[in-house]
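Just so it is clear, none of the values below were taken in a lab; they were calculated from the coordinates. Please read these numbers as outputs of a predicted model, since none were measured by experiment. Note: ideal-geometry Cβ built from the backbone for every residue, glycine included; neighbour counts use all protein chains shown.
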Amino acid sequence: MLILQNISYKHENSDVLFDNISFTVNNHEKIALIGHNGVGKSTLLKIIAGELKPSNGELKVSSEPYYIPQIFGQYNHFTIGEALRVHHKIDALGAILKGNVTEENLSVLNDDWTIEERCNNALKYWELHDLDLTQKIETLSGGQKTKVFLAGISIHEPEIVLLDEPSNHLDKAARELLYNFIVSANCSLIVVSHDRKLLHLLKTVCEMSKRGITTYGGNYDFYAEQKQIENNALNQDLQNKEKALRKAREKERETIERQQKLDARGKKKQEKSGVARIMMNTLRNNAENSSSKLKSIHVEKVDGISKELRDLRSALPDIDQMKFGFDHSALHKGKILFKANAINHAYKDQLLWKKDLDIEIVSGERIAVQGSNGSGKTTLIKIILGKTEAKTGTVYLAENQSVYIDQDYSLINNALNVYEQAQAFNISGLKEHEIKMRLNRFLFDKEYWDKPCLALSGGEKMRLMLCCLTINNQSPDMIILDEPTNNLDLQNVEILTTAINEYQGTLIVVSHDESFLEQINIERSIVLE
């Protein structure tokens, strides 16, 4: 069982990331933890795992959680055995089997005589057949690293498991193994993920925001329905508040006009009746004070409604305004952009693909490139872009303008700040205020303009990349996306989906995210073996 009470966390610069987070995870409960990039989901998992200390609050946990992080670079210098924290037991077992039966070795092994067998079985389940526990983590692909840490769950059999974006880097077959594990697991689970297929398997959704954690008693479909109801209510509140603001302003204007007429009428009456000048000044001052008081009352009411309206608007999603807005006039439908006959590639004289590839890409198509980890998807993309030559076969590549957006958003220059990065794409001579308007449209207000790109999250870099493409304005012939939904929260996946669906050129996507591929209307797949 896990209990969090009023947990808060401050960065070293004293900025509060989140405040007064409270929720409970019962035994065997499986929870999806969702929320926007930057809200602190990964930080909260690290606090639960004991890797970070909260600034305030209390954490109660029945046993040590098993934590699988989103990034594994910190383990690169470890062996697989060291990363899984089994190397001491494996060494002790090996020594004992060789006859070195010492108190120290027996103490280290702690009667865990099946440790080696469990390690082998766990690695086999995750289809890591050729790995050795002495192999360095740095020699593994991203998918293999994830699977190694997933294998550790069945090795250690923990009561609580924390998973941070576990489906990232996993191919289709490995994702199916992950989904099966999620369904059959007998432990408590907290999963941070944007993978909608995975989220559907978890029976409770907890949404983390600046207001804290809101629990929805159902899977992601139920959560989405409830959020739609909330957004509909929010839109209704917004319409009612806009109506109230119009009425308040109209009332303010009518009241002031009526008071001005009364004051003017009173002044004429006083002049006709011959009221002394000193008395006239007193009456005029009283009238002005009365008008000022009335105006102040209405201004205060209008300002109050305006603030409530701004708060409501800030809670609404801003997805629909984040579109490319390209000039598509230069695109030519049906043009052959790429044609390959019997191509293959080789590493150390070993052919990459079992069968030579015959591929034709016509402008306007929407294509997914799919295959297991290590099947050569990135190599094929480089051949399509003209950055790598095929070892065999022939290639025709038409002159075209292509944009390649990789997982690390390498088109973003980390040495620039946000405004400078946007300006770097300003080939059409937009003025400064126009660029800042575009940045605002993609949720980069003035607080972001001087922020270094290096400090941006994955979702923020994605939005900045989309914004830069809109500043460029001219539609590229081809956009290639390499695992674009990795490390994006659900809102940013939706933003990306909306922008892509407005694009009319050729789209090539490398992705294992089936929900995403379906939503962007992929027409056919190139499957690599």
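Two decimals, Cα atoms only, Kirkwood Rh: what is Rg/Rh over segment 353-424? Let's see the in-between values first.
Values: Rg = 15.6 Å, Rh = 15.0 Å.
Taking Rh as the inverse mean 1/r over Cα pairs, Rg/Rh reads 1.04.
Report the trypsin sites (Lys or Arg not before Pro) located in segment 182-250 that are in a DSSP loop and have at most 14 other Cβ atoms inside 10 Å of their Cβ, or state none. Mind showing how you got there, number by number?
On the way: sites: Arg196, Lys197, Lys203, Lys210, Arg211, Lys227, Lys241, Lys243, Arg246, Lys247, Arg249; in loops: Lys203, Lys210, Arg211.
When the trypsin sites (Lys or Arg not before Pro) of segment 182-250 are filtered for loop state and at most 14 Cβ neighbours within 10 Å, Lys203, Lys210, Arg211 remain.
Report the label-to-label distance for Ile427 and Met1 in nanometres (one decimal), using points 7 Å from each Cα along the Cα→Cβ vector.
Result for the modelled spin labels: 6.2 nm.
Sticking with the crude label model, points 7 Å out along Cα→Cβ, report the distance from Thr102 to Lys243 in nm, one decimal please.
In this crude label model, Thr102 to Lys243 measures out at 8.3 nm.
Within segment 96-145, list the trypsin sites (Lys or Arg not before Pro) lying in a DSSP loop whose Cβ has at most 14 other Cβ atoms in a 10 Å radius.
In loop regions of segment 96-145 (DSSP not H, G, I, E or B), the sparsely surrounded trypsin sites (Lys or Arg not before Pro) are Lys98.
Any idea how far apart Asn414 and Asn231 come out in nm if each label point goes 7 Å out from Cα toward Cβ?
Inter-label distance under the simple model: 3.4 nm.
If you average the alpha carbon positions of segment 417-475 and of segment 9-57, how far apart do those two centres end up, in angstrom?
30
Could you pull out the pairs from Lys348/Lys391; Lys172/Lys354; Lys136/Lys354; Lys136/Lys391; Lys10/Lys41 whose alpha carbons sit more than 23 Å apart here? Could you put the intermediate results ahead of the total?
Numbers: Lys348/Lys391 12 Å; Lys172/Lys354 19 Å; Lys136/Lys354 28 Å; Lys136/Lys391 31 Å; Lys10/Lys41 14 Å.
Cα-Cα > 23 Å for Lys136/Lys354; Lys136/Lys391; rest within.
What FRET efficiency comes out for Lys172 versus Glu447 if R0 is 41 angstrom and r is the Cβ-Cβ distance? Round to the nearest 0.05. Walk me through the intermediate numbers first.
On the way: r = 40 Å, r/R0 = 0.99.
Calculated transfer efficiency: 0.50.
Which trypsin sites (Lys or Arg not before Pro) in segment 1-90 pass both tests, a DSSP loop state and at most 15 other beta-carbon atoms within 10 Å?
Working: sites: Lys10, Lys30, Lys41, Lys46, Lys60, Arg85, Lys89; in loops: Arg85.
Of the trypsin sites (Lys or Arg not before Pro), the ones in loops of segment 1-90 whose Cβ has at most 15 other Cβ atoms within 10 Å are Arg85.
Within segment 56-72, whose backbone N sits under 19 Å from a point 7 Å along Cα→Cβ of Asp406?
The answer is 71-72, whose backbone nitrogens lie closer than 19 Å to the label point.
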